[in-house]
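The values are calculated or read from the model by the stated rules, or taken from the named source; none is laboratory data. Worth saying up front: this structure is predicted, and the values here are computed from it rather than measured. Cβ atoms come from the backbone with ideal geometry, glycine included; neighbour counts cover every protein chain shown.
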Ligand SMILES: NC(=O)c1ccc[n+]([C@@H]2O[C@H](COP(=O)([O-])OP(=O)(O)OC[C@H]3O[C@@H](n4cnc5c(N)ncnc54)[C@H](O)[C@@H]3O)[C@@H](O)[C@H]2O)c1
């Protein structure tokens, strides 16, 4: 595993080793650094790459778009080049529902035309295109996984979302309110044309996503050299519904404060996951209540560290 720890805490490695194997290889390095990645490939038997490394905040990508283009594109370009050069069989890429933007068509299928609304979303679509061209011109098999809204944590409570800096993801913000670290949850916009006026998202448990990656690594792709899959539940939940579900999961009040809409926020989005069901044999199994219960267990197991 390679990580530059720009958004990960080194102490997570011990937890990962506890859950996997004590000799899990963890190398500190930049995925955009050709020397570091080639050395890793020399020292380990690499037959597949799963490329998660990216900057991922929509608001931050508006504030500092060039940092986003640099990190997300150069890491993908470098890994794709090395994958082709080394004859690596399979490349799984973490893409996102943000590539679709606010689509007129719901649920969103893999054929829905992409229309990203933020620099972050553009980086993901550009990376997909780099990988499509790499696949078309080489033996590399590429699987693009477009995650909807990942939530939750490992059932043990040992690993979960633990960014270095306070991020803007919804569930960590909800958990900060439940823990008493924030007074209220800021809800960005309550005047959207949705059932309660707040944005609608397809929340998907991180353990379902993990299983989706295993399915992608093992799937028989038939004649496909490049294939895109949505990973979601197919169920839309509003921000206020999520806050209410978090009150049940945590037993704590989650007062909400309505704030202005944010640029780049998608109004509503949920996935059609029938392609993943048919071709990967994958379906999300866990619901929002379980996502929040597992996230709550995680933040309580990690009370020693700030719940960003
Ligand atoms: N969390 C979401 O809501 C979401 C939704 C859809 C897609 N994704 C995508 O899934 C992937 C993982 O997201 P996450 O939520 O786990 O984010 P994260 O920030 O928790 O994880 C990304 C990891 O990559 C590392 N990293 C970043 N740039 C790197 C580089 N150049 N070289 C080496 N390591 C680097 C960071 O230190 C971090 O550990 C990202 O590609 C993200 O765009 C996330």
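Remarks
- Conditions (1) touching a helix residue (DSSP H, G or I) at 6+ places or on another chain (Cβ under 8 Å); (2) farther than 21 Å from residue 90 by Cβ; number of the one not met by residue 34: (2)
- Any hit, the range 64-77, residues being outside any helix (DSSP H, G or I), within 13 Å of the ligand (Cβ to nearest atom), within 22 Å of residue 210 (Cβ to Cβ) and in contact with a strand residue (DSSP E or B) (Cβ under 7 Å, 6 or more places away or on another chain): no
- Residue list for the range 260-278, filter: surrounded by 13 or more Cβ atoms within 10 Å (Cβ to Cβ), touching a strand residue (DSSP E or B) at 6+ places or on another chain (Cβ under 9 Å) and more than 11 Å from residue 231 (Cα to Cα): 261, 262, 265, 266, 267, 268, 269
- When restricted to residues that are modelled with pLDDT of 95 or more and not in a strand (DSSP E or B), the range 48-61 contains 5.
- Any hit, the range 82-89, residues being touching a strand residue (DSSP E or B) at 6+ places or on another chain (Cβ under 7 Å), touching a residue at least 12 places away in the same chain (Cβ under 8 Å) and within 13 Å of the ligand (Cβ to nearest atom): no
- Filter pass, residue 172 being touching a strand residue (DSSP E or B) at 6+ places or on another chain (Cβ under 7 Å) and under 29 Å from residue 17 (Cβ atoms): no
- Within the range 3-38, being more than 14 Å from the ligand (Cβ to nearest atom) and either assigned to a helix (DSSP H, G or I) or closer than 19 Å to residue 74 by Cβ (or both) holds for 14, 17, 18, 19, 38.
- Looking at the range 115-216, the strands (runs of 3 or more DSSP E) lying wholly inside it that each contain 3 or more residues that are within 12 Å of the ligand (Cβ to nearest atom) sit at 141-147, 149-151.
- Set 65, 114: member being surrounded by fewer than 21 Cβ atoms within 10 Å (Cβ to Cβ) and in contact (Cβ under 8 Å) with a residue 24 or more places away in the chain: 65
- Whether a residue is modelled with pLDDT of 95 or more, farther than 25 Å from residue 61 by Cβ and either out of contact with any helix residue (DSSP H, G or I) (no Cβ under 8 Å at 6 or more places or on another chain) or not in a loop (DSSP other than H, G, I, E, B) (or both) was assessed, and residue 284 does not pass this test.
- Every test in (1) surrounded by 20 or more Cβ atoms within 10 Å (Cβ to Cβ); (2) farther than 20 Å from residue 168 by Cα is passed by residue 218 save one, and that test is (1).
- Residue list for the range 79-106, restricted to those being surrounded by fewer than 19 Cβ atoms within 10 Å (Cβ to Cβ) and more than 23 Å from residue 222 (Cβ to Cβ): 81, 82, 85, 86, 102, 103, 104, 105, 106
- For the range 279-302, the criterion of being free of Cβ contacts under 8 Å to residues at least 12 places away in the same chain and exposed (fewer than 15 other Cβ atoms within 10 Å of the Cβ) is met by no residue.
- Scanning the range 78-104 for residues that are touching a helix residue (DSSP H, G or I) at 6+ places or on another chain (Cβ under 7 Å), under 14 Å from residue 128 (Cα atoms) and outside any helix (DSSP H, G or I) gives 91, 92, 93, 95, 96.
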